[in-house]
1. List, in order, the whole-Hz ³J(HN,Hα) value for each residue of the stretch 66-77 obtained from phi through the Karplus relation with A = 6.51, B = -1.76, C = 1.60 and θ = phi - 60°; use x for Gly and Pro.
2. Just the accessible area for Ser153, please: 1.4 Å probe, Å², rounded to the nearest 10?
3. Kindly write out, for the stretch 148-160 in residue order, the coupling ³J(HN,Hα) from the Karplus curve 6.51 cos²θ - 1.76 cosθ + 1.60 (θ = phi - 60°), rounded to whole Hz, with x marking Gly and Pro.
4. Quick one: putting +1 on the C-beta of Lys and Arg, -1 on the C-beta of Asp and Glu, what dipole do you get for the stretch 188-334 around its Cα centre, in Debye to the nearest 20?
5. Between Asp75 and His163, how many nm apart are label points set 7 Å from Cα along the C-beta direction?
6. Quick one, can you get me the convex hull of the C-alpha atoms of the chain expressed as volume per residue in Å³?
7. Quick one: if the Förster radius is 35 Å, what FRET efficiency do Thr415 and Leu87 give, using the C-beta to C-beta distance and rounding to 0.05?
8. Find which of Ser337, Pro291, Leu145 sits farthest along the positive direction of the dipole of the chain, computed with +1 on the beta-carbon of Lys and Arg, -1 on that of Asp and Glu, about the Cα centre.
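The values are calculated or read from the model by the stated rules, or taken from the named source; none is laboratory data. Because the structure is a prediction, the values reported are computed rather than measured. As a convention, Cβ positions derive from the backbone with ideal geometry for all residues, glycine included, and neighbour counts pool all protein chains shown. In case anyone asks, the SASA skips ligands and DNA or RNA and just uses the protein heavy atoms, side chains included. Shrake-Rupley method; radii C 1.70, N 1.55, O 1.52, S 1.80 Å.
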Amino acid sequence: LFCNHTTGSECCSTMAPPLKIYARGPNGLAVMEGDPAPGLDLTMLNAGAAVGAMYFTEAGDAYAAIDEQGVTVYDSSNDKPTCTIPLPRVTAAAFSPKGSFLVIFQRPTADAKGEKNLTIFDSKSGAVVLQLFQKTFTKDTWPSLQWSGDEASMARLVSNEVHFYSSADFAAGIVARLRCTGVKGLSMAPAGDDPKFAVFVPELKGAPGSVRIHSLSQLKESNEPQALARRSFFKCTDVSFKWNSPGTAVLVFASSDVDKSNQSYYGETNLHFLKADGSHEGNVPLSKEGPIHDVQWAPNGEVFVAVYGFMPAKGTVFSDKCRPIYELGSGPWNTISWSPMSRFFSIGGFGNLPGDIEFFDRKADGKCKPMGKAKHHCVVSMEWSPCGRRVLLATTAPRLRVDNNLKVLNYHGETLLERPCEVLFEAVWKPTAAGVYEDRPQTPQQGGGAGGGGGQ
């Protein structure tokens with residue numbers, strides 16, 4: 001299946017797969033295929049079969065759909081089922097990094113006593129490879145099983161320990177463990193020859209909370225090894241980890257329910273930075289007081305963007321050594337989204353903000369050139385296309401019960417397609433593997449230049 005775009009299309013200049021948008025609503029799953037244009041519309045895939053959630057592999061070659069009967073895995077090239085797993089009470093699913101395994105969580109029954117409701121399946125055959133028990137589920141901590149980038153190792157957080165399994169032989173059981181009293185959070189690095197992982201221990205009895213980084217090889221010698229890197233801090237009840245793609249650095253977004261300075265009703269947030277080898281750890285140097293709204297690494301892991309401070313928020317680009325390298329100015333922003341090639345990115349203000357979006361082109365010298373602006377009210381999600389030339393906006397339920405729609409913009413902020421929906425739960429691009437689409441600069445516009453409005 002090859003690109004059906006017109007010759008010289010802005011979306012792609014070489015033979016490449018067509019873009020696909022998947023839309024999930026109360027009546028089933030629909031798909032839109034091709035370079036978005038006013039005449040393009042959604043086609044139903046399974047009319048009448050409500051899909052509660054859907055999950056893609058990282059390469060986008062398959063996806064899993066949850067319904068009342070269980071989970072079905074589909075080949076995304078033709079949207080045909082390849083594997084059906086009949087299970088009751090399915091709450092969530094997740095693929096391993098290479099898509100070899102599918103993890104499924106089932107809501108426990110009221111009288112459940114240790115029933116194994118967290119299951120790893122072979123994603124091709126549907127065969128069970130490991131069953132575990134998990135008492136509770138939260139979206140913030142899903143997926144509860146963490147994998148190394150090569151899928152060779154899988155980690156699970158339990159009370160006071162982290163357990164490790166070998167994907168080549170799940171029947172062997174736990175092959176290594178980290179003993180860590182009070183551990184509450186776990187995150188595996190996405191890459192690296194010796195897989196690294198970070199753990200979080202919250203504050204307890206006046207002692208500060210901490211994040212520690214270990215490597216899997218350390219556990220061969222001891223189940224309580226010395227940390228490769230460590231950062232301690234107060235004012236923190238929860239953290240979320242954001243690794244860069246090479247696995248050499250991690251951002252720790254720390255939050256507490258209460259802001260003791262009384263500056264924010266929503267609690268307090270802090271942003272910490274650690275190099276996996278222990279060469280640097282500290283606070284990210286933010287130059288404006290106030291909450292941290294969003295922070296996102298570029299997909300290549302070379303830089304990250306943070307949006308922070310009381311409104312109007314400030315945007316700053318940082319290097320992978322945590323040094324500020326470019327100031328983006330200020331605006332009503334709380335969301336960042338990168339194109340897959342790490343060339344373009346957008347910053348928007350959604351939720352209770354008016355919907356301003358700005359598009360930037362990150363140049364080789366580190367400077368970020370504005371490409372365009374747009375304003376779209378009531379947006380819930382913003383995502384760049386796999387080709388890096390389009391941006392998908394969606395207004396969805398249950399966040400908003402009226403005016404549900406999906407829109408596609410170009411990187412100048414011009415609307416290429418708008419599709420109203422009576423009820424829309426989700427709209428996403430089909431992902432693709434790295435290298436499928438060419439990394440290209442902005443297309444020169446009519447009349448010269450590569451910026452401003454009126455482009456393709």
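1. Per-residue couplings from phi come out as 9, 9, 5, 8, x, 10, 10, 9, 10, 7, 6, 6 Hz.
2. Approximately 20 Å² for this residue.
3. Using θ = phi - 60°, the values come out as 6, x, 8, 6, 5, 10, 10, 10, 9, 8, 10, 4, 6 Hz.
4. Taking the Cα centre of the stretch 188-334 as origin, the dipole is about 200 debye.
5. About 3.6 nm, to one decimal.
6. Expressed per residue, the convex hull around the Cα atoms of the chain is 160 Å³.
7. 0.30
8. With unit charges placed on the Cβ atoms, the residue in question is Pro291.
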